[in-house]
Number of protein chains: 2
Amino acid sequence: MDVHDFSAHAATGKLAALARTPHDLTADGGLTPQRVGTMRMSFCGFDLLYATQRITPEVLDALQELADEAGLIAACTAMQQGAVLNRIEGYASENRQVLHTACRDLFDQPPMAPEASAKARRELDKLRTFLDELASGAIVNAQGQPFTTMVQVGIGGSDLGPRALYMALKAYALPGRCARFIANVDPDDAAEVLSGLDLSRTLFNVVSKSGTTLETLTNERLVRARIAEAGLDPARHLVAVTGEGGPMDDAGKYLRSFYMEDYIGGRYSSTSMVGLVTLGFVLGFEAVTDILRGAHEVDRAALKPDIRANLPLLLALLGIWNHNFLGHATVAVLPYSQALSRFPAHLQQCDMESNGKSVTRQGKAVGWKTGPVVWGEPGTNGQHAFYQLIHQGTEVVPAEFIGFRHSQYGLDLQVAGTGSQQKLVANMLAQSLALALGKQDDNPARCFPGNRPNAVLIADRLTPRTMGALLAIYEHRIAFQGFCWNINSFDQEGVQLGKVLATRLLDLLAARTPPEGADTLEMSVLRQAGIG
Amino acid sequence: MDVHDFSAHAATGKLAALARTPHDLTADGGLTPQRVGTMRMSFCGFDLLYATQRITPEVLDALQELADEAGLIAACTAMQQGAVLNRIEGYASENRQVLHTACRDLFDQPPMAPEASAKARRELDKLRTFLDELASGAIVNAQGQPFTTMVQVGIGGSDLGPRALYMALKAYALPGRCARFIANVDPDDAAEVLSGLDLSRTLFNVVSKSGTTLETLTNERLVRARIAEAGLDPARHLVAVTGEGGPMDDAGKYLRSFYMEDYIGGRYSSTSMVGLVTLGFVLGFEAVTDILRGAHEVDRAALKPDIRANLPLLLALLGIWNHNFLGHATVAVLPYSQALSRFPAHLQQCDMESNGKSVTRQGKAVGWKTGPVVWGEPGTNGQHAFYQLIHQGTEVVPAEFIGFRHSQYGLDLQVAGTGSQQKLVANMLAQSLALALGKQDDNPARCFPGNRPNAVLIADRLTPRTMGALLAIYEHRIAFQGFCWNINSFDQEGVQLGKVLATRLLDLLAARTPPEGADTLEMSVLRQAGIG
């Protein structure tokens, strides 16, 4: 057996043994003030409370041993230094470096991957110039008016992360600036966004690394047609974020082009130009720098080998404990912050596309569970919805709570002696305790089994800097888990088959492939669906 | 053993045996044109394609037997006739009827629960009068201007369903009318919504059955304060949807009050005044009637005993096959329609709050799995995100696709011989096939195991009537599953413990309870979270 394999580590045997009698949080003394004070970490502006996990010091020791055996810190270091980690040994693969961290390695000398950071700096300088020109009036529309709206046209990694960050931070928008997003090939998506816009004051930011993404090209065409219909010049209203030298790198068609490198995967690209152009347009250059600074601090702190001092590493290992050893199929990310309403959707992509794999980095079938299903919605809303199942259902759902001590707008109201923000945080902490402790009752329908593992992440306020840190915490949690499972977290071969079949169906619909005499499966499906 | 218990039915034994060798969709002849043509149903405007489930005719026969043994049609009939199904025998419970179907039983004579339908008709007449007065100018603001925006203030069932339906149908909005929603106790939620409004042209629709929901009361106070600060009269800008005679039923404080009955659970209340007031404001009374008509047609068709002719019943049983017999912990609902972007969140609530239970209707611990985790995001977006895991991950995720042959806005663009809507639907069908069929490849990272069960629901266009039908299809799927698992799908005892603990923490924060000398768990958590 390959020594890298997850199941080959001595620690996994220990953990499997420990998992036979996991810590009982509902027992007398199972969750004490002392435990809460001990199982806690401060890290880059966040505090992590993890006493409500089903762990003991022995479990933590075994998780530390697993981290050491699996070489997780060495892998993270290698990644940040530019090792070619996006590969499957012995087989065709993307065969690339993984350097999203280089985009933000701009605050310490020397950077860990100097060439990539120099490229990131160059794009950032271009962005600063662009934003300055927008601010000074050097870039205006045909009537000499400033632009007010940027519509990002992208999908997947070019959409979810930037959208989540925009929603998280729009409380800090520059006066008169906002963003919208078009992603879906569904024509109603673009129609709905375009119906509310003053096109003359709008910039469209078309984002596609390859310059060949079907949805994005279709939506770009649609947008160009609408701009032209409105008597405007598309080249004056579109900017591009794409690979240098690719099909979209065309100065004649775009007001400005920014570059993304192929060593930054879509789902890890929010802190590259993929996210920063739109965020910069809305929030300004200083906020963009703060996002990068927050992420960079985490990148460096993620290199600490002690799991009790490295928040993303500990989160990764607790996730592995819950998934591989306690057998829970999903993980819920539950932000107590309406501004983070789309952050779970971004994590769902980042995590499930990274770790939803079944072969090792050596191309062998895995013999252990890899990534869980990741889902979530903001609290307190969720408390009035799916929390019923996480308290009393037959599926146990490990939960990660995220909260802040202060609100963004500061528009708070005292009712019954406490403010709304206090109610919000108190509810989050109460849920954490309730899931862990459970409750006995004479009425069986009012019993709560407890022992539902969870952790709380809390910071002072959701700002550009904390947002950058939070993003990086999760990026590293995901990468650490992938390293530990010995999978390639940076490819996405699983998206190909659907593309191939979709092309086949579209060829049939376009009648470019003459329907054969035989009744094919594809023809049958189209006909039975009523679109053949 | 109680004869109602899920595990006591003879059919569950048969299904368990059949599940040892589930149908192999990847085998030669495993998925043929004939199979696609046979495993298909038309129902109330929707077609269901289910050849891509891991079932045989024998499995369908056993599922039919289960439906019959468990008395699912009798239970659905009893529900619609007003039986007291929201109860746990022998224990304190809500002890109520379950009559959301009565709200829409207005199109056939006689209705199945005449008294409840008469009440629904009365409220609907009040709504028509209100909408007529808004249209005629009888209701205007202090400056004599018409209202343009309705902000719904509610949470959980008073938010997710109405919000999902509004987003689904806003393509049909009356000119100049729109809606917004405030749900979270997070003060930034209200702040963000209020920051973009002209308060003088805005109505606030405060929705709370009990009139005591913490989040809603807090947000109502906040809204009233802002209206008063703007020099406006709150009583002229607020309407209420609440229980008759409850604390919010106060003509002096609201422009108009609409009533909801306690036999309609929050998560089933979208077709009561909880959803219809805001939907009526935006879409007009005719659209509201169409939503009700679409739902009602499904309510009646859901009473057919043949699972091959009853779409919600078959969906329910296929879900049970995948969850209880094939062992899959989650189900993904994947609409290929951006307008349905929040429909999965509504279903997540409706399903998980209904069926996330661990005791039978007789108060015994269940010995079988009840509700799965429900999640999902629109395609094609998801294809660029979490689909990697559903194709190649180690968790198998049963999927329910929802699509439409035509777009809402009709703003479509031909690229490469097909329109955007064709691309959208072709992608959906391709994903269904790809998940079922899989693919072998010499490169192990490019292998797809296939046999990932899924089904496709498709209708002509997302209209008020199809939306009503879709909503009711899922409501009945959920209720059928609950009946089959012999649980009470209509209570939500699991939300109580968190409320109790939150109150305890808030009392500590408000210092209304003097901190004791001993270091309590609650004090410790507050202190360690940095808010004590």
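What is the distance, in nm, between label points placed 7 Å from the Cα along the Cα-to-Cβ direction at B:Q34 and at B:K253?
So the two model labels end up 6.8 nm from each other.
Between A:R236 and A:C178, how high is the FRET efficiency from 1/(1 + (r/R0)^6) when r is the Cβ-Cβ distance and R₀ = 22 Å? Nearest 0.05.
0.65
What Kirkwood Rh does the stretch A:1-47 have if only Cα atoms enter the pairwise 1/r average? Answer in Å.
So the Kirkwood estimate lands at 13.9 Å.
Which percent of the accessible heavy-atom area of the protein assembly as shown goes to carbon and sulfur, probe 1.4 angstrom?
51 percent
For chain B, what's the relative contact order in percent, using C-alpha pairs closer than 8 Å and at least 6 residues apart?
Relative contact order here is 20 percent.
Using R₀ = 41 Å, calculate the FRET efficiency as 1/(1 + (r/R₀)^6) where r is the Cβ-Cβ separation of B:V84 and A:T21; round to 0.05.
Efficiency, rounded to the nearest 0.05: 0.45.
Of the peptides B:273-285, A:47-59, how do they stack up when ordered by the mean number of other Cβ atoms within 10 Å, highest first?
Listed from highest to lowest mean packing, they are B:273-285, A:47-59.
In nm, to one decimal, how far is the A:A92 label point from the A:R293 one, both placed 7 Å along Cα→Cβ?
4.7 nm
Ignoring ligands, DNA and RNA, how much accessible area is buried between chains A and B, both sides summed, with a 1.4 Å probe, to the nearest 100 Å²?
Interface between A and B: roughly 11600 Å².
If you restrict to DSSP beta bridges whose two residues both lie in chain A, what percentage is antiparallel, to the nearest 5?
30 percent
Accessible area of B:Y166, 1.4 Å probe, to the nearest 10 Å²?
Approximately 20 Å² of B:Y166 is accessible to the 1.4 Å probe.
Kindly identify the stretch A:127-244 as rounded, prolate or oblate by the Cα gyration tensor criterion: order the square roots of the eigenvalues as a ≥ b ≥ c, call it rounded if a/c is under 1.5, otherwise compare a/b with b/c, prolate if a/b is larger, else oblate.
rounded
Looking at the square roots a ≥ b ≥ c of the eigenvalues of the Cα gyration tensor of the stretch B:60-135, which shape do they give, rounded for a/c under 1.5, prolate if a/b is larger than b/c, or oblate?
Judged from the Cα gyration tensor, the stretch B:60-135 comes out prolate (a/c at least 1.5, a/b above b/c).
For B:K357, go through the lysines and keep the ones whose alpha-carbon is under 24 Å away, minus same-chain ones fewer than eight residues off.
Hits, sequence-local ones excluded: A:K439, B:K209, B:K369, B:K499.
Over the protein assembly as shown, what is the percentage of antiparallel beta bridges among all DSSP beta bridges, to the nearest 5?
Looking only at bridges with both residues in the protein assembly as shown, the antiparallel portion is about 30 percent.
On average, how many beta carbons from a partner chain sit within 10 Å of the beta carbon of a residue in A:356-363?
Shielding by partners across A:356-363 averages 5.
For A:221-231, what's the mean count of beta carbons from other chains sitting within 10 Å of each residue's beta carbon?
Mean inter-chain Cβ contacts per residue within 10 Å come to 1.
Along Cα→Cβ at 7 Å, what distances in nm separate the B:A510 label point from those on the other copies, shortest first?
6.5
When a/c reaches 1.5 or more, the comparison of a/b and b/c decides; with that in mind, is the protein assembly as shown rounded, prolate or oblate per its Cα gyration tensor?
rounded
How much accessible area per residue does the stretch A:314-447 have, in Å², with a 1.4 Å probe?
21 Å²
Once the label point is set 7 Å along the Cα-to-beta-carbon vector, what list of distances in nm do you get between B:P114 and its counterparts in the other copies?
Its label point is 9.0 nm from the equivalent points in the other copies.
Would you mind giving the mean number of other chain beta-carbons within 10 Å of the Cβ of each residue in B:486-498, as a whole number?
Mean partner shielding for this stretch: 6.
Packing-wise, with mean Cβ within 10 Å as the measure, how do B:91-102, B:300-311 rank, highest first?
Descending mean neighbour count gives B:91-102, B:300-311.
What does the accessible area per residue of the stretch A:121-208 come to in Å², with a 1.4 Å probe and no ligands, DNA or RNA counted?
Accessible area per residue: 31 Å².
Put +1 on the Cβ of every Lys and Arg and -1 on every Asp and Glu Cβ in the protein assembly as shown; which of B:A235, A:Q34, A:N443 then has its Cα farthest towards the positive end of the dipole?
B:A235
If we count every other residue with Cβ under 14 angstrom of A:R452's Cβ, Lys/Arg +1 and Asp/Glu -1, where does the sum land?
Cβ neighbours under 14 Å give a net charge of -1.
What size of dipole, in debye to the nearest 20, comes out for chain B about its Cα centre when the only charges are +1 on Lys and Arg C-beta atoms and -1 on Asp and Glu C-beta atoms?
With only Lys, Arg, Asp and Glu charged at Cβ, the dipole is about 660 debye.
Apply 1/(1 + (r/R0)^6) to the Cβ-Cβ distance of B:A309 and B:V500, taking R0 = 45 Å, and write down the FRET efficiency to the nearest 0.05.
Here the calculated transfer efficiency is 0.45.
Can you pull the one-decimal nm distance between simple spin-label points at B:D132 and B:D441, each 7 Å off the Cα toward Cβ?
Result for the modelled spin labels: 6.4 nm.
The values are calculated or read from the model by the stated rules, or taken from the named source; none is laboratory data. In this text the structure is predicted, and so the values were computed from the model without any measurement. Heads up, the Cβs are rebuilt from the backbone with ideal geometry, glycines too, and the neighbour counts pull from every protein chain shown. When the accessible area is computed, the model is the full protein with side chains, heavy atoms only, and any ligands, DNA or RNA have been set aside. Shrake-Rupley method; radii C 1.70, N 1.55, O 1.52, S 1.80 Å.
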